[in-house]
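All remarks here apply to the structure that follows.
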Amino acid sequence: AVSRTPMSLFGLRDVVARATPLTELDDTEAALAVYRTFFEDARTRDPALFDRLSETLNQQRAMFSDPEIWLYRRSLDALIMAEGGHRQAETPFYLYYWDDRDGPFWRGWWVTPDEVGCTQYVAFARGHRVAPTECDGEWESAYPIPGVDPFRNGNPRQPYAQMAIFPSSDAADPPGALAIVGLRGTRGERAAGVYNVLADHPHHHGASRPVYKRARPLRGGEERAIRRANLTLRQRWYEAVELALAYSRCKPALFSWLERAQARLDVYGPDGVARQRDRDEFEADFAT
C-alpha cells in the first residue's frame, strides 16, 4: 500500500499540480509525460507505491473510457482521496465552470478539492447556466443513489437538496464573492463557505464564469442570514403566509394552554395577580 506519510500525499499532489496547467493549455503530451515519469520513478524508487498506482490505473481503465490523460488524473485523485488528502483542514476547494471540451456530459458547474478539474468532486450541476447562482435544485453529489451500479458512466447521483449559492452578504468580502450554503450534515460539508474570484486564472470562461476559490468557512448564523438576504418577493410572501397559517392553527391550542395555566396558578382568584391588575386599572380609570 502507499506509505501513509505526509510526503506521499504531497508527492501525489505535486504531480497533479505540475500536470494540471499543461492540461489547461491543451498540451496533453507534456501533461502525460509528467504522469508517466512519475509512474516510472515510482517503479524503481518505491515498488509498493508503483503497485498501488498501477492497480488504481487499471481500475480506472476498467470503469471509464476517458482519454489516457484523464485516466492518469483519476488514478492520482483517487489515491489522494484514499490518503485522506481531501479531509485535511488546509485542503483548498474550487468552484468553476467546465465547458464541453470533454463532451456535454461533463459540461456544467463543479465544486472540487485540490485543483480545477479534480475528478474527485464534491458537487456538480450539469448544464450551461451562466452563473452558479442559477443552479438551485440542480446540484448533485459524487455519490451514486443506493441500489444503482456505481461503475456505470452517466448514472444518477444523490442530490444536494438544500445546496445553493448566493452572493456573500458580508461587506468585508471582496466584490463578486459567493457563498455556498446548504451542505451541513452532508459528505460535502467542508466545501461550504465563501469563495472569492481567482483573478487571471487560465480556466476563466469570460466575466460571468470565472474560477472561484474557497476563502473561508461560514461563520455562526451566517448561512441563515445569507438565505434571508436573498429571499425573493414571492418567497417572502410565502413565508409570511406560512407564519400566518401557523399562528392560525396554533392560536386555539395556545389560548387553551393559557387558560389552564391561569386556572392552575389561580391568577383570577381573590388575591391573584390578574385580579389585582384589573382592580388597579379600574381604579386608575375612575381616578382620572
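The values are calculated or read from the model by the stated rules, or taken from the named source; none is laboratory data. Only a predicted model underlies this, so the values are computations on that prediction, with no experimental measurement involved. Glycine also receives a Cβ, built like all others from the backbone with ideal geometry; neighbour counts cover every protein chain displayed. These accessible areas exclude ligands, DNA and RNA; they are computed on the full protein's heavy atoms, side chains included. Shrake-Rupley method; radii C 1.70, N 1.55, O 1.52, S 1.80 Å.
Kindly list the number of the only condition in (1) modelled with pLDDT under 85; (2) of a type in the set (Lys, Arg); (3) under 30 Å from Val122 (Cβ atoms) that fails for Arg236.
(3)
May I ask you to list the residues in the stretch 183-197 that are under 20 Å from Glu134 (Cα atoms) and open to solvent by 10 Å² or more (accessible area, probe 1.4 Å)?
Ala192, Asn196, Val197
Take the residues in the stretch 199-212 that are among the aliphatic types (A, V, I, L, M) and without any contact (Cβ under 8 Å) to a residue 60 or more places away in the chain; name whichever of them is most open to solvent (accessible area, probe 1.4 Å).
Going through the qualifying residues, I end up with Ala207.
Considering only residues that are within 17 Å of Asp66 (Cα to Cα) and touching a residue at least 40 places away in the same chain (Cβ under 8 Å), which ones fall in the stretch 20-30?
Thr20, Thr23, Glu24, Thr28
Got a sec? Which of Ala284, Ala244, Ala253 is under 43 Å from the mean Cα position of the chain (by Cα), exposed (fewer than 10 other Cβ atoms within 10 Å of the Cβ) and either on the phi < 0 side of the Ramachandran plot or in a helix (DSSP H, G or I) (or both)?
Ala253
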